[in-house]
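Here's the structure, in structure tokens; my notes come after.
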Ligand code: MG
């Protein structure tokens, strides 16, 4: 049966990989819509190849350029952030693969859930900030949320070994990022370049920084909590630098089921698209004899404060995760722009959480208001010069990986 797919964020790292996966899946997987934020040329190139009915550019100032580049194609060009919602609601779309960056992916993810579609979710922020609302909306409208995040795809696969009630623990693996062996002191001198050099995964800049601070893992704990309806106390993080075991599920009888594979997003993307079926894939096969050794360590909660903070935020619930995410997005943006130090990222998030009064049972509109407040709060902290940029130079410590 034909599967009609919309890819939100088709020019990003996951979006481009998804197109390669779909190429190999064959003609029953049809691209109906593609979207990009600013990568106009690549979007036009993809449109020329996949001939979608709809092309969306979320940064509306590029709309004229996109229209011009695809004027000979039989496609409707949509513009602005709301174009993602329009696409997610299309009658002729069965699967919405959302791979946009950040909270910007929330309204369209909710729309897809509301329309009872299959939502293949690579963009973890919607689950972090509105996990309750999103999973409830999907449940009530016959929608399915399929994780594309490698850890959650692994859990989803391992879960099939038993019933939900038989699960005693979820163990999320973490590569540990580029600063796995660093101590609190070392993190003071981290440069942008070092933070962007992830040892295993090749990803976009936002998620690469989130991996370096381990915010990414903190988000994944919250994501797992909602996706698998699992209490936070039963979700653990285990550092596994080789990134071959993508996560594990422990059952009540003590059996632990791990999902393994190459550290490559092809498999989790494909599994979400073909679920519950498995088909031949394009990824490199795993040969454990070539890997030789798999190692595991306890995460360092003292150096990577994002982790205990993430657990606290997950337990608190309500709007706390909204602030946690929005403050992080704003702080990472500042770090990428060279305006703050690496350690300031988590400091800014903590400061923002301290100032926030948690609200519960809020609708989308209010979530977005809290999101905007937190971003503004981060900018205000910077204006007050509470965070000054340290000078790199002689004092710089080489981080050993
Ligand atoms: Mg992940």
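Annotation note: of 333, 270, the sole residue that is free of Cβ contacts under 8 Å to residues at least 24 places away in the same chain, under 25 Å from residue 97 (Cα atoms) and assigned to a helix (DSSP H, G or I) is 333. Among the residues of the stretch 219-235 satisfying the criterion of being closer than 14 Å to residue 167 by Cβ and within 14 Å of the ligand (Cβ to nearest atom), which is surrounded by the most Cβ atoms within 10 Å (Cβ to Cβ)? Result: 224.
Of the residues 10, 108, only one is in contact with a helix residue (DSSP H, G or I) (Cβ under 6 Å, 6 or more places away or on another chain) and within 20 Å of residue 137 (Cβ to Cβ); which? Full working, then the answer.
On the way: 10 fails: within 20 Å of residue 137 (Cβ to Cβ).
Exactly one residue qualifies, and that residue is 108.
Here the condition is being in contact with a strand residue (DSSP E or B) (Cβ under 6 Å, 6 or more places away or on another chain), buried (at least 23 other Cβ atoms within 10 Å of the Cβ) and farther than 17 Å from residue 4 by Cβ; of 109, 88, it holds for 109 alone. Could you tell me whether the stretch 20-41 includes any residue that is at positive phi and modelled with pLDDT under 95? Yes, some residue in the stretch 20-41 is at positive phi and modelled with pLDDT under 95.
Take residue 364 and decide whether it is within 22 Å of the chain's Cα centre (by Cα), surrounded by fewer than 22 Cβ atoms within 10 Å (Cβ to Cβ) and modelled with pLDDT under 95.
Numbers: within 22 Å of the chain's Cα centre (by Cα): yes; surrounded by fewer than 22 Cβ atoms within 10 Å (Cβ to Cβ): yes; modelled with pLDDT under 95: yes.
So residue 364 fits the description; yes.
Residue under question is residue 208, and the condition is that it be within 15 Å of the ligand (Cβ to nearest atom) and without any contact (Cβ under 8 Å) to a residue 40 or more places away in the chain; does it hold? Quick ask: steps written out before the conclusion?
On the way: within 15 Å of the ligand (Cβ to nearest atom): yes; without any contact (Cβ under 8 Å) to a residue 40 or more places away in the chain: yes.
It is true that residue 208 is within 15 Å of the ligand (Cβ to nearest atom) and without any contact (Cβ under 8 Å) to a residue 40 or more places away in the chain.
Residue pairs whose Cβ atoms lie under 8 Å apart, sitting 6 or more positions apart in sequence or on different chains, and linking a residue in the stretch 357-376 that is in the same structural domain as residue 345 (by TED's automatic domain parsing) to a partner that is exposed (fewer than 14 other Cβ atoms within 10 Å of the Cβ) and in a helix (DSSP H, G or I), are 359/366.
Look at residue 262 and say whether it is away from the ligand (no atom under 13 Å from the Cβ), assigned to a loop (DSSP other than H, G, I, E, B) and either touching a helix residue (DSSP H, G or I) at 6+ places or on another chain (Cβ under 9 Å) or farther than 27 Å from residue 331 by Cβ (or both).
yes
Within the stretch 78-92, can one find any residue that is within 16 Å of the ligand (Cβ to nearest atom) and either modelled with pLDDT under 95 or more than 26 Å from residue 42 (Cβ to Cβ) (or both)? Talk me through it step by step, then tell me what you get.
Step one: of the stretch 78-92, the residues within 16 Å of the ligand (Cβ to nearest atom) are none.
No, every residue in the stretch 78-92 fails to be within 16 Å of the ligand (Cβ to nearest atom) and either modelled with pLDDT under 95 or more than 26 Å from residue 42 (Cβ to Cβ) (or both).
Which members of the stretch 56-85 meet the condition of being within 15 Å of residue 30 (Cβ to Cβ) and either within 26 Å of the chain's Cα centre (by Cα) or surrounded by fewer than 19 Cβ atoms within 10 Å (Cβ to Cβ) (or both)? Show your work before the answer.
Of the residues in the stretch 56-85, the ones within 15 Å of residue 30 (Cβ to Cβ) are 74-75.
Selection gives 74 alone.
The values are calculated or read from the model by the stated rules, or taken from the named source; none is laboratory data. Remember, it's a predicted structure, so these values are computed and weren't measured experimentally. All Cβ positions, glycine included, derive from the backbone under ideal geometry; neighbour counts span all protein chains shown.
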